[in-house]
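K.L.:
Okay, handing you the structure first.
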Amino acid sequence: MQAALRTSAGEDTGDLWVFGYGSLMWRPGFDFSERVPARLIGLHRALCVFSFVHRGTPERPGLVLGLDRGGMCRGIAFRVAAPAREKTIGYLRGREQVTKVYLEAMRSIELEERARRRVKAICYLVDRSHVQYAGRLTLAESLHLIRQGHGQSGPNRDYVLETVRALEELGYREGDLHRLAEHLKGAHESGAAR
């Protein structure tokens, strides 16, 4: 898969666009020259990936987001200046491809600005054939995984709440994700009161 991106993105020496839909929205970790709300058609944001590294372990997996088939996803597009292109791709691969649960792809996205530009951006799609693909879970199953999950990047709960906060800052609301966040906030507040 990396070779495919190198062929399409590697031949382009111009600026690079990166589409963030989860933690990349609130913690990109790379330098960028522009940050624009954007949407991707044909894929949707879903808590459908068992996290074995960043937000959980193989013994106590957490649950993180992936781009899954169908629908639409709103997120943030970051423009990376051409000189930082290869360094940014390397950083993203090191961060997103630890267990190879994501497929790296260049997809057309629409920047949600006055001009409504369409650009090609690097996106990380869930690999449905990977052992970490969780599919569609119930609210109770998701809550259990998120509450137990803690990995190299911290508690799974924080990941979900930060993602919801980032969506709210953009004026977006997603029913399932917000419902989970409400349960997680409630559990935290009642735990803090003890």
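The values are calculated or read from the model by the stated rules, or taken from the named source; none is laboratory data. Owing to the predicted nature of the structure, the values given are computational and were not obtained by experimental measurement. With ideal geometry, Cβ positions are generated from the backbone for all residues, glycine too; neighbour counts draw on all protein chains shown. The protein model used for the area step is the full one, side chains on, heavy atoms only, and it has no ligands, DNA or RNA in it. Shrake-Rupley method; radii C 1.70, N 1.55, O 1.52, S 1.80 Å.
K.L.:
Filtering the range 13-32 down to residues that are over 13 Å from Glu96 (Cβ atoms) and open to solvent by 70 Å² or more (accessible area, probe 1.4 Å), which residue is modelled with the lowest pLDDT?
P.N.:
Thr13
K.L.:
What number of residues within the range 33-85 satisfy the criterion of being touching a residue at least 24 places away in the same chain (Cβ under 8 Å), surrounded by fewer than 20 Cβ atoms within 10 Å (Cβ to Cβ) and among the acidic types (Asp, Glu)?
P.N.:
Count: 1.
K.L.:
Something else now. Looking only at the range 15-49, count every residue that is in contact with a Phe, Trp or Tyr (Cβ under 8 Å, 6 or more places away or on another chain) and closer than 18 Å to Tyr133 by Cβ and tell me the total.
P.N.:
Total satisfying the criteria: 4.
K.L.:
Among the residues of the range 127-160, which ones are without any contact (Cβ under 8 Å) to a residue 40 or more places away in the chain, open to solvent by 60 Å² or more (accessible area, probe 1.4 Å) and either of a type in the set (Asp, Glu) or touching a helix residue (DSSP H, G or I) at 6+ places or on another chain (Cβ under 8 Å) (or both)?
P.N.:
Across the range 127-160, the qualifying residues are Glu141, Asp158.
K.L.:
Could we say that Arg79 is out of contact with any Ser or Thr (no Cβ under 7 Å at 6 or more places or on another chain) and of a type outside the set (Phe, Trp, Tyr) here?
P.N.:
Judged against the criteria, Arg79 is not a match.
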